[in-house]
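Read through the structure below, which is laid out as structure tokens, and then see the notes.
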Amino acid sequence: MKGAKERAPKRLPLQGWTDRDTVILRALLVGAILFPFFATLVTGGSGGALINTAADAGVYVLLAIGLNIVVGFAGLLDLGYAAFFAIGAYTYGMLASGQLFGSPLHHEIHLPFWLLLFVGMFVAAGFGAILGAPTLRLRGDYLAIVTLGFGEIVPSVFRYLGQGSVLGNWTGGVNGIAGIDPPSLPFGISGPWSGEALRFLPRFDFVDPIAYYVLMVILVIVGVVAATNLHRSRLGRAWMAVREDEVAAAATGVNTVAIKLLAFSIGASFSGLAGTFYGAKLSLVSSENFAFVVSVTILIMVVLGGMGNIPGVILGALMIYYVLFNLLTNLPDLAASFASAIGLGFLNASHGDWPGLHDEVQRMNFLIFGLILVLVMLFRPQGLLPSRVREQELAKGVSEQAVFDLREEG
Amino acid sequence: MALLELENVDTYYGRVHALHGITLHIDEGEIVTLIGSNGAGKTTTLRTISGLTPAAKGQVRLRGKDITHVAPDEIVRLGIGHVPEGRRIFGRLTVRDNLFLGAFTRKDREGIRRDQEHVFKLFPRVKERLDQIGGTLSGGEQQMLAIGRGLMSRPRVLLLDEPSLGLAPILVDQIFDIIRDINQEGTTILLIEQNAAKALAVANRGYVLETGRIVKEGPTSTLLESPDVQKAYLGI
């Protein structure tokens, strides 16, 4: 890419963007700012848990925005996106904890979170390109299978590089890495080479959920700004051209190889960012947290929200996160109290094979989740908030009618 | 020196040996047509020139410079535009974006704007549909957009693959008129057609392709008089 030589790039109109999208994006921003106050108010002063959940949901929002670049913009079906999430989290885990003391390095490394945010991004982007390279000739189903493999390999490698591996204990193996440093302000590098004396301001550790929440909102805003700018850039148009028709894209002069690598790589960098945050907030990373189901969940968020449309993808992520981690976990209790309230309390007791409504609903959790997905896709096949293009496409279809208009005029 | 030359080109399409020793040339300012039946290798010839299916043997030269193994996007930069078979416009992008992508290799904003105006003059319909998505255009409009997109790279040579395919007769005439206009403005054209009568009427010279080999070539007037051509391609 000769990006550096280019004159200030012309801002292209956002493809398929409508006023509705702007309104929703602004509403989401206002909502994000007001949410902590709302949470505190609703819970009578103890909104910590809610705010904590919201910060976790933000991780998925960031992931969905990133995957949307790969799948929504460039049309490359990626079923192993969680791998880059893992790479971001492990990069942070290794470089900001005592973990590497047990490794052949025999030294703890405690780099500041703020630096590692960028490191995580770049490492993930690098691996994005590494995954992209062998898949350049593949499309659709074949590409999906290779990315699926990558998504399985990465957590396995992290699991393998633990106690007893030939290469040394880098990742804590099945136990993962615990005791990861929280982000702190102001940042300084502490370790054998620097003493506390170097600090000028009192240290502020991220302990309170609200600190993570604010940080997450900032990261999401940065992510949205970056993604919308990519969307309206030359690169964004090239991604869409490749998505629509790779041969035609090449025939119009798009370097499809570079363009696809950039999609994987830039998409992965969002995941690296999310992973770094995730590792820091949880203070623990373990290979189990990056299983196939995580990749699928993110993909569902993107597709269900409205592939290619950034506000749609954010809404999709929030909705799926809410359903999975709030609605479904509370549903058994809700069902039980609802049954009591309408006089069907006898359902709550267990009889023989019937485990009671509470347990039964718990058993059916993922059946219900599946049903919700099926219903949404039946009634909103284009996603909750599709881009205008998809709407136009569905409403108008491809018409041959106009041929005759032309004939009359011609 | 010919503007574009193919010398003894062999191309494989997957495992199919599609082109056998193709040699042809196109001079500056000409319209040259390749005629032949389905599967004769016409599309493969264009794909070989534009680098989408590079030749296994032989050479493709642009102004004497070997471009046989140059990447497709670089070939566009060198001045060869390709309007692929079946239009292949970007169906879910707007007409505006389709044209924008046609000029993807260029940086001169002013020139791009002028060329876009020019495309609008050739195809007023395209201008009317600027903010509509490509897939909702009619077949004829899509073909016009495809040619317009091809022109946006400001090519020296424009490769046109079956521009009349699937169009109503009146539109076919319009498209051929426009091809002539484009040529008169200085763009050299290599035209592939199944509609041999129309193609031979518009072109200066022609090549007849059969199963990946050139079996006949010459000025179109000669080809039109050839009994073989008349029988096989003109239905006379």
Report task. Count the net charge of all other residues whose Cβ sits under 14 Å from the Cβ of B:K198, scoring Lys and Arg as +1 and Asp and Glu as -1. Result -> -3
Query raised in the report: Can you list the residues, at least 5 places off or on another chain, whose amide H is less than 5 Å from the amide H of B:Y207, using H built in the peptide plane?
Result: B:T33, B:L34, B:I35
Report summary line: The FRET efficiency for A:A49 and B:E128, from their Cβ-Cβ distance with R0 = 60 Å and rounded to 0.05, is 0.60
Query raised in the report: Which of the peptides A:82-89, B:5-12, B:199-206, B:141-148 is most tightly packed, and how do the rest follow, judged by the mean count of other Cβ atoms within 10 Å per residue?
Result: A:82-89, B:141-148, B:199-206, B:5-12
Query raised in the report: Using θ = phi - 60° and the Karplus form 6.51 cos²θ - 1.76 cosθ + 1.60, what ³J(HN,Hα) does each residue of region A:114-128 get, whole Hz, x for Gly and Pro?
Result: 5, 6, 5, 4, 6, 4, x, 4, 6, 5, 4, 4, x, 5, x
Query raised in the report: If we count every other residue with Cβ under 13 angstrom of A:A86's Cβ, Lys/Arg +1 and Asp/Glu -1, where does the sum land?
Result: -1
**Report entry** Cut-off under 5 Å, modelled amide H: who pairs with B:L4 long-range
**Finding:** B:I26, B:R63
Query - Fluctuation leader among A:F150, A:F73, A:F366 - chain A, Gaussian network, Cα springs under 10 angstrom - result: A:F366
Query - Whole-number percent relative contact order across chain B, with pairs defined as alpha carbons under 8 Å at least 6 apart - result: 27 percent
Report task. Give the order of A:W17, A:W170, A:W114 when sorted by the count of other beta carbons within 10 angstrom, beginning with the fewest. Result -> A:W114, A:W17, A:W170
Requested in this report: Among A:V146, A:W114, A:L373, flag the residue with its Cα farthest along the positive direction of the charge dipole of the protein assembly as shown, charges on Cβ as +1 for Lys/Arg and -1 for Asp/Glu.
Outcome: A:W114
**Report entry** In Å, descending, principal axis extents of the Cα set of the protein assembly as shown
**Finding:** 92, 66, 51
Requested in this report: Would you order A:M94, A:M377 from fewest to most other beta-carbon atoms within 10 Å of each residue's own beta-carbon?
Outcome: A:M377, A:M94
Query raised in the report: Could you give me the ³J(HN,Hα) list for region B:19-35, computed from phi with Karplus coefficients 6.51, -1.76, 1.60 and θ = phi - 60°, whole Hz, x at Gly and Pro?
Result: 10, 10, x, 6, 10, 7, 9, 10, 8, 3, x, 7, 10, 10, 10, 10, 10
Report summary line: So, over other residues within a Cβ distance under 12 Å of A:A349, counting Lys, Arg +1 and Asp, Glu -1, the net charge is -2
Query raised in the report: Which whole-percent values make up P(r) of region A:62-189 when all C-alpha to C-alpha distances are grouped in 10 Å steps starting at zero?
Result: 12, 38, 31, 17, 2
Query raised in the report: For B:H20, A:H358, what's the fewest-to-most ordering of other Cβ within 10 Å of each Cβ?
Result: B:H20, A:H358
Query raised in the report: Once you charge only the Cβ atoms, +1 for Lys and Arg and -1 for Asp and Glu, what is the size of the charge dipole of region B:1-124 about its Cα centre, to the nearest 20 debye?
Result: 480 debye
Report task. Please state the charge dipole magnitude for the protein assembly as shown, taken about the Cα centre, from unit charges on C-beta atoms (+1 on K and R, -1 on D and E), reported in debye and rounded to the nearest 20. Result -> 1180 debye
Requested in this report: Convert each backbone phi in region A:219-229 into a coupling constant with the Karplus relation 6.51 cos²θ - 1.76 cosθ + 1.60 (shift: θ = phi - 60°), then list the ³J(HN,Hα) values in order as whole Hz, x for Gly and Pro.
Outcome: 4, 5, 4, 4, x, 5, 4, 4, 5, 5, 5
Query raised in the report: What's the average, rounded to a whole number, of partner chain beta-carbon atoms within 10 Å of each residue's beta-carbon in B:48-60?
Result: 1
Report task. Using a 10 Å cut-off on Cβ to Cβ distances, tally the other chain neighbours for every residue of B:75-87 and report the average as a whole number. Result -> 3
Report summary line: Projecting the Cα atoms of A:F158, A:T228, A:G66 onto the charge dipole of chain A, where Lys and Arg contribute +1 and Asp and Glu -1 at Cβ, the residue farthest towards the positive end is A:T228
Requested in this report: Ignore the peptide's own chain and count Cβ atoms of other chains within 10 Å of each Cβ in B:129-140; give me the average, rounded.
Outcome: 5
Report summary line: XL table B:K57/B:K231; B:K57/B:K216; B:K121/B:K216; Cα-Cα > 28 Å flagged, in table order, is B:K57/B:K231; B:K121/B:K216
Query raised in the report: Going by average Cβ neighbours within 10 Å, how do the peptides B:77-90, A:341-354, A:125-138 rank, with the highest at the top?
Result: B:77-90, A:125-138, A:341-354
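Every number here is computed from the coordinates shown, using simple stated rules; none is lab data. All of these numbers come straight from a predicted model, not from anything done at the bench. Every residue, glycine as well, gets a Cβ built from its backbone with ideal geometry; the counts of neighbours run over all protein chains shown.
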